[in-house]
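Here the structure comes first, spelled out in structure tokens, and everything after it is commentary.
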Amino acid sequence: MSSGDLKRAKRDVRRRVLALRDAMDADDRARAAADVTRRVLGLPEVEAASTVLAFSSFGSELPMLPLIEALVARGIRVGLPVITGGEIVARAWRPGEPTTTTSFCAEEPAGGAPIDPVSIDVIVTPAVAVDRAGRRVGYGGGFYDRFLPRTRAGAARVAVVLAVQLVDDDLPAGSFDLPVDVIVTPDEVIRCER
């Protein structure tokens, strides 16, 4: 598949899946967040983790604050991504600490100590869509595909998504697109081979 074909295929997936996600009721998303939080907290990788990189949800994404609050309550250091110079920098954050709003309406820590990527045990990744093999289509910036190689080899990559974001067809992917190890939806946990 050519580079142009790959971009078009991903754009089509984004358009289709985002329309489904945007059509969901906010109360349904909140209920889904509770189910996803429970499932993520039960993952052995999370139970053993001391540092988790989460993300700030925006728009119709699965609400992340319940998971972040639960991780912090367990004594786990939580980081959020800050985009600096086109790259992700992980910064420590706890609910209630100051944030700044990005151009795409996500919240980033206004301060927070930098977190060395190799110290992160679990990376909770956003996705527009994922397939059962762990391929993910994000928003198109490539931030996580550039960040993940800087984490340690054993760090678990966990995509958390609403059920409408889990697609049955194989997603388009290039050699630079890095898969996740685990997919968590409100209904199931899917283990993928890296």
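Restricting the stretch 73-85 to residues that are touching a residue at least 40 places away in the same chain (Cβ under 8 Å) and within 12 Å of Phe143 (Cβ to Cβ) leaves a set whose member that is least open to solvent (accessible area, probe 1.4 Å) is Pro81. Listed by first and then second residue, the pairs linking a residue in the stretch 8-22 that is closer than 13 Å to Val167 by Cα and at pLDDT 95 or above to a residue that is surrounded by 16 or more Cβ atoms within 10 Å (Cβ to Cβ) and among the β-branched types (Val, Ile, Thr), with Cβ atoms under 6 Å apart and 6 or more places separating them unless they lie on different chains, are Val17/Val128; Leu20/Val164; Arg21/Val164. Taking Arg31 as the residue in question, decide whether it is open to solvent by 60 Å² or more (accessible area, probe 1.4 Å), in contact with a helix residue (DSSP H, G or I) (Cβ under 9 Å, 6 or more places away or on another chain) and in a helix (DSSP H, G or I). It is false that Arg31 is open to solvent by 60 Å² or more (accessible area, probe 1.4 Å), in contact with a helix residue (DSSP H, G or I) (Cβ under 9 Å, 6 or more places away or on another chain) and in a helix (DSSP H, G or I).
Looking across the stretch 152-172, the residues that are in a loop (DSSP other than H, G, I, E, B) and touching a residue at least 40 places away in the same chain (Cβ under 8 Å) come down to Val161, Leu162, Leu171, Pro172.
Would you say Glu69 is under 27 Å from Pro149 (Cβ atoms) and acidic (Asp, Glu)? Steps first, please.
On the way: under 27 Å from Pro149 (Cβ atoms): no; acidic (Asp, Glu): yes.
The answer is no for Glu69.
Picking from residues in the stretch 35-48 that are touching a residue at least 40 places away in the same chain (Cβ under 8 Å) and open to solvent by 60 Å² or more (accessible area, probe 1.4 Å), the one that is nearest to Cys192 (Cα to Cα) is Arg39. If you check Gly112 against the conditions, is it surrounded by 11 or more Cβ atoms within 10 Å (Cβ to Cβ) and at negative phi? When the stated conditions are applied, Gly112 does not pass them.
Pairs are defined by a Cβ separation below 6 Å, a sequence spacing of at least 6 or placement on different chains, a first member in the stretch 116-134 that is surrounded by fewer than 19 Cβ atoms within 10 Å (Cβ to Cβ), and a second member that is β-branched (Val, Ile, Thr); the pairs so defined are Ser119/Thr51; Arg132/Ile190. The combined condition, being within 30 Å of Asp28 (Cα to Cα) and open to solvent by less than 20 Å² (accessible area, probe 1.4 Å), is fulfilled by Gly138. Considering the stretch 148-194, the residues that are of a type in the set (Gly, Ala, Ser) and out of contact with any Gly (no Cβ under 9 Å at 6 or more places or on another chain) include one that is surrounded by the fewest Cβ atoms within 10 Å (Cβ to Cβ), namely Ser175.
If we scan the stretch 62-72, do we find a residue that is more than 13 Å from Val160 (Cβ to Cβ) and open to solvent by less than 50 Å² (accessible area, probe 1.4 Å)?
Yes; the residues of the stretch 62-72 include at least one that is more than 13 Å from Val160 (Cβ to Cβ) and open to solvent by less than 50 Å² (accessible area, probe 1.4 Å).
Applying the set (1) in a loop (DSSP other than H, G, I, E, B); (2) surrounded by 20 or more Cβ atoms within 10 Å (Cβ to Cβ); (3) of a type outside the set (Phe, Trp, Tyr) to Gly59 leaves exactly one unmet item: (2).
The values are calculated or read from the model by the stated rules, or taken from the named source; none is laboratory data. Quick caveat: nothing in here was measured; it's all calculated off a predicted structure. Note that we place each Cβ from the backbone using ideal geometry, even for glycine, and neighbour counts take in every protein chain shown. The protein model used for the area step is the full one, side chains on, heavy atoms only, and it has no ligands, DNA or RNA in it. Shrake-Rupley method; radii C 1.70, N 1.55, O 1.52, S 1.80 Å.
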